[in-house]
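What follows is calculated from the coordinates using simple rules that are stated; it is not laboratory data. Keep in mind that this is a model prediction, so the values were computed, not measured. When we count neighbours, we look across all protein chains shown, and the Cβ atoms used for this are built from the backbone with ideal geometry, even at glycine.
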Amino acid sequence: MKLTVWTYEGPPHVGAMRVATAMKGLHYVLHAPQGDTYADLLFTMIERRNHRPPVSYTTFQARDLGADTATLFKKSCQDAVDRFQPEAIIVGASCTAELIQDDPAGLSETMGLSIPVIPLELPSYSRKENFGADETFYQIVKALAKPQERTARVTCNILGPTALGFRARDDVEELTGLLSDLGVQVNVVAPLGATPSDIARLPAAHFNVLLSPETGEAAARWLEKNHQQPFTKIVPIGVGATRDFIAEIGDIIGKPVLIDESRLRMPWWSRSVDSTYLTGKRVFIFGDGTHVAAHARIARDEMGFEVVGIGCYNREMARPVRALAKSYGLEALITDDYLEVEAAIEALSPEMILGTQMERHIGKRLGIPCAVISAPVHVQDFPARYSPQVGFEGANVIFDTLIHPLVMGLEEHLLTMFRDDFEFHDDAGPSHHGGKAKAKVEAVVEEAPAPQDDNIIWLADAEKELKKIPFFVRGKARRNTETYATQKGLHQISLDTLYEAKAHYAR
Amino acid sequence: MNALTPSNGGCRTAPVLKERGQREVFCGLTGIIWLHRKMQDAFFLVVGSRTCAHLLQSAAGVMIFAEPRFGTAILEETDLAGMKDAQTEIDREVARLLARRPDIRQLFLVGSCPSEVIKIDLAKAAERLSQIHAPHVRVLNYSGSGIETTFTEGEDACLACMVPVLKSTEARELLVVGALPDVVEDQMLSLLADMGVGPVRLLPARRIDDTTAVGPNTVFALVQPFLGETHSALERRGARHLAAPFPFGDEGTTAWLRVIATEFGVSEETFEAVTAAPRARARKAIAQAAEVLRGKSVFFFPDSQLEIPLARFLTRECGMTAIEVGSPYIHDALHGPDLDLLPAGPQISEGQDVDKQLDRARAARPDLTICGLGLANPLEAEGLSTKWAIELVFTPVHFYEQAGDLAGLFSRPLRRKAVLHLEAAE
């Protein structure tokens, strides 16, 4: 048993629902008790979908357990096929149904249905949502993809986008446009928007673009092995990654590709002088492996941030994220326990977090700005406007996303100059975020400063001076000074120590 | 039968359409979201799966990030394979939890579908843990599993498990049962105090040390229509139920208070003096909101068991017509008084086969459909106006001062539809 308060991922059958809900003409018959239907609201409320997810729940109750839950499953299965007339169904069990071992796969096989029935085995007590989506999509592809001729023109499939994905809708559109500019037509996008007959057509494409490794890699690997379709390894999030992705496409189709970059504004926005203030901002990055890897590169190479922490919650990506962190001189934090993430952020006191909705809450608690870059998602991660992450427009969007939570250039200087101003002070927060401004409360000066560390004591005047430093750099100043004092073997931090440390770390 | 009985007879003896099939409802674990706020020294530890944790997180809508007083002990493969002893595992997790949260005085071990299916004995665990952590912490257990409880039945199961450990009393007391927001509870207590009714005890009490007790001279009134098990448990302790319509709207609140007033011999004069002003306010507030509701039709999908009392409120006080009133369960002892008052006409249904019910709703094209979050946007996309049922459980809606807000919850979707002009100008 493991005590959990908030989770980054749902159970694996929710992953299967993300695939089923993304598709058309597919129905999911889920052996599950009353209450598991809560998952519908993830799609109808958070994603604002205007259709119910195509899922039939058998809704067994305690009194059914002694009787015949298997018959109940078969009835639900038949009812779903009759009512919704899908081209294919997937069948499986939620965590409770897994325990009663009714074997949905075997049961549905005996029913003699005229459409393909794809059984799912999703171990609820050892795996999670992303695995569930990846495995479900793989099983669907394996069952339905048919050997066939390649298309005459160069085409590819886009694999991986699901319902409830982070910006999946807009990423597909941006990527389709990018590929079209490269002279590559999209054969099928799957699972998002695909029907079972579209899945059958997957092998007609010349190669696959793996947009979301978390939810599409198993299918991409299977298609590579069984239908000789290579797949892309670079996810085009960020300027550099997009350019590398374009080169990768060139290698796959065997001819050089040229692209018009006139829509790409991000590099100039980052080079322009207003962005100078971004230099060396200490950021902590946490999310799913793919988005974390992309944002590590963006943060360091394209925004000029200093990356002070990297981690992901999906263990499937632990290995690449560990390797990535090492190349940044860091040790990766691989955990799905948000309390551990919170502790890590608190200890590092970064100036900004690039994270998920969970880290946004952590940031709120610790007073650290946060930009959301990855699932798990909330209703605000489904904006009405076009807001892709991939490609050139994605890079533009990400630049805006990353600077929005921060105090901007000149404002930062003004705060430093007039930090004792009664309105324009630390606690007021960035001026473009409403509702935060509050009157300055005169701090009570503590007589005896509390020791900050086992060995190091802040003297009163140094502590007082520290409080004059603007809030968005105070954490860094405190850490740097303490590190400096430790290095020098000092046990007390005086005003002089503070400024010596400042000079030491000047850049 | 009394002066309030509708002229065409009520719905108490109307035939009930009983259905079973796919249910689009939450399980009883959901009640933890409001119960842990109500009982400020309680922690709810669900023994369940990742699905349970995910449900609590999703049903809460937004994460209550000030470290919530609930959590899930997630069962892992090793627990299922019997490689670890579940009881030892629970002891360890509880010890860790209580060490971190010394403010916790009551701990509820909450059973889930998986823990019920693999038969983890939480009663045994609660008994043992109570001994270990007494006197500082009391440990109780109940099941909020979907195989046994539907949405609000979770609160019922929670309160029912507290009844056997309530102190005994011989005193003649009124016990008011059901979780209410504090502000509403205070209004109710002040109305009762003004009528001279007392002492009044509450279940659930806000803290463990409160003086709630029960005995043969206790009479109890329910403020929530989903407390069937708690009702039985209190009767087993010798207490007597004061059956009444539920305190929604002017009429419901007055009828509810009148039953208590009669029991405690409150004079008609005093009753009038205490209720006249808030009744007048309630009527005025309802009338404003009811302008858009009058003459409109309403269709209830089953959700919280609040459907019958609310249908009574909407038809009698807001001028609506009910087409179908679905409830997950109907208990005559609890819902009878409201069914008596609900004018005959609507289809009363119990249980759910959601696809068939959706067919009926689409055929009836009601002006307003009350349904769960999973159905609301899909029905809106089909052109129906909807009200999410869960808001009725998460919003202060009881008694006089909230009667206008209650009507407002139903009128807002219709008002919104009227104010939006998204098409091109002609």
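Counting Cβ atoms of other protein chains within 10 Å of each residue's Cβ and taking the mean over peptide A:57-70 gives 3. The calculated FRET efficiency for the pair residue A:151 and residue B:350, based on their C-beta separation and a Förster distance of 60 Å, comes to about 0.60. Rounded to the nearest 10 degrees, the inclination of helix B:50-59 to the longest alpha-carbon principal axis of chain B is 40 degrees. With contacts taken as Cα pairs under 8 Å and at least 6 residues apart, chain A reaches a relative contact order of 12 percent. From its DSSP helices (H runs of at least four residues, each -39,500 (n - 2.57)), chain B gives a residue-normalised ellipticity at 222 nm of -13000 deg cm²/dmol. Label separation (residue A:82 vs residue B:291): 5.0 nm, computed from points 7 Å beyond Cα along the C-beta direction. For the set B:84/B:119; A:326/A:488; A:281/A:502; A:2/A:364; A:146/A:233; A:281/A:476, the pairs lying more than 18 angstrom apart at their alpha carbons are A:326/A:488; A:2/A:364; A:146/A:233.
Qualifying GluC sites (Glu not before Pro) in the range B:251-352, where qualification requires a DSSP coil assignment and no more than 14 other C-beta atoms within 10 Å, comprise B:291. From most to least packed by mean Cβ count within 10 Å, the peptides A:157-165, A:57-65 give A:157-165, A:57-65. Given N residues in the range A:155-253, what is its alpha carbon radius of gyration divided by 2.2 N^0.38 Å? The range A:155-253 yields a ratio of 0.97.
Please go through the range B:55-133 and write out the trypsin sites (Lys or Arg not before Pro) that DSSP classes as loop and that have at most 16 other C-beta atoms within 10 Å. Sites meeting the loop and neighbour criteria: B:84, B:119.
If r is the Cβ-Cβ distance from residue A:300 to residue B:40 and R0 is 51 Å, what FRET efficiency results, to the nearest 0.05? My answer for the efficiency is 0.65. Helical content of chain A, expressed as a calculated mean residue ellipticity at 222 nm, amounts to -12500 deg cm²/dmol (DSSP H runs of 4 or more residues, -39,500 (n - 2.57) each, divided by residue number, nearest 500).
Just order A:134-143, B:17-26, A:76-85, B:107-116 by mean Cβ neighbour count inside 10 Å, highest at the front, would you?
Working: A:134-143: 23.6, B:17-26: 21.0, A:76-85: 16.7, B:107-116: 27.8.
In decreasing order of mean packing, A:134-143, B:17-26, A:76-85, B:107-116 become B:107-116, A:134-143, B:17-26, A:76-85.
If you look at the Cα atoms of the protein assembly as shown, you get an Rg and a Dmax of 30.5, 95 Å.
Using the C-alpha atoms of chain A, what convex hull volume per residue, in cubic angstrom, is computed?
Details: hull volume 88.2 nm³, N = 507.
In chain A, the Cα hull volume divided by residue count equals 174 Å³.
Between residue A:142 and residue A:319, full extension at 0.36 nm per residue minus the direct alpha carbon distance yields a gain of 61.1 nm. Helix A:338-348 versus the longest principal axis of chain A: what is the Cα-based angle in degrees, 0 to 90, to the nearest 10? The helix A:338-348 is inclined about 30 degrees to chain A. Annotation: aspartates and glutamates with alpha-carbon distance below 14 angstrom to residue B:356 (same-chain offsets under eight excluded): A:79, A:82, B:19, B:24, B:324. Beta bridges from DSSP with both residues in the protein assembly as shown: antiparallel share about 5 percent, rounded to the nearest 5.
What the Cβ-Cβ distance of residue B:391 and residue B:119 gives, at R0 = 41 Å and to the nearest 0.05, is a FRET efficiency of 0.65. Between helix A:239-253 and chain A there is an angle of about 30 degrees, using the helix long axis and the longest principal axis of the Cα atoms.
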